[in-house]
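These notes concern the structure reproduced below.
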Amino acid sequence: MEYAINPVNNEKVPIYIGNFVLLEYGAGCVMAVPAHDQRDFEFAKKYNIPIKAVITPTDYELNPEKMTRAYLDDGVLINSGDFNGMNNRDAVDEIQSNIN
């Protein structure tokens, strides 16, 4: 198993190779977030890959083990290191400026 370092929280994450290509992504690698993208969610479920939520609604916390679909709405960051507790939309610029 090969790993990469998540630049947001410095955690080691496994690298998986998928047998599909999405033209609009271009060449190279993409970081999948199965809890928040339906295609990535289905891939993770099919291959029994752990799912970690990084955005949760403001009124309850997601339980990835009970999720039946990806959570696609806005919310508060969790499992995101120093960015925990921030609104996901507000955190975009902050994250980009801190990982470059």
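No lab work stands behind these numbers, since they all come straight from the coordinates. All values reported here derive from a predicted model rather than from experimental measurement. Quick reminder, even Gly has a Cβ in these numbers, built from the backbone with ideal geometry, and neighbours come from all protein chains shown.
Report, by residue number, each residue of region 56-81 that is more than 16 Å from Phe41 (Cβ to Cβ), surrounded by 12 or more Cβ atoms within 10 Å (Cβ to Cβ) and among the hydroxyl-bearing types (Ser, Thr, Tyr).
Within region 56-81, just Ser80 meets the criteria.
Does Ala32 qualify as being of a type in the set (A, V, I, L, M, F, W, C) and either within 17 Å of Ile5 (Cα to Cα) or in a loop (DSSP other than H, G, I, E, B) (or both)?
Working: of a type in the set (A, V, I, L, M, F, W, C): yes; either within 17 Å of Ile5 (Cα to Cα) or in a loop (DSSP other than H, G, I, E, B) (or both): yes.
Against the criterion (of a type in the set (A, V, I, L, M, F, W, C) and either within 17 Å of Ile5 (Cα to Cα) or in a loop (DSSP other than H, G, I, E, B) (or both)), Ala32 qualifies.
Output the number of residues of region 35-55 satisfying the condition of being outside any loop (DSSP other than H, G, I, E, B), in contact (Cβ under 8 Å) with a residue 24 or more places away in the chain and surrounded by fewer than 16 Cβ atoms within 10 Å (Cβ to Cβ).
1
Take region 82-100 and flag every residue that is assigned to a strand (DSSP E or B) and surrounded by fewer than 13 Cβ atoms within 10 Å (Cβ to Cβ).
Within region 82-100, no residue meets the criteria.
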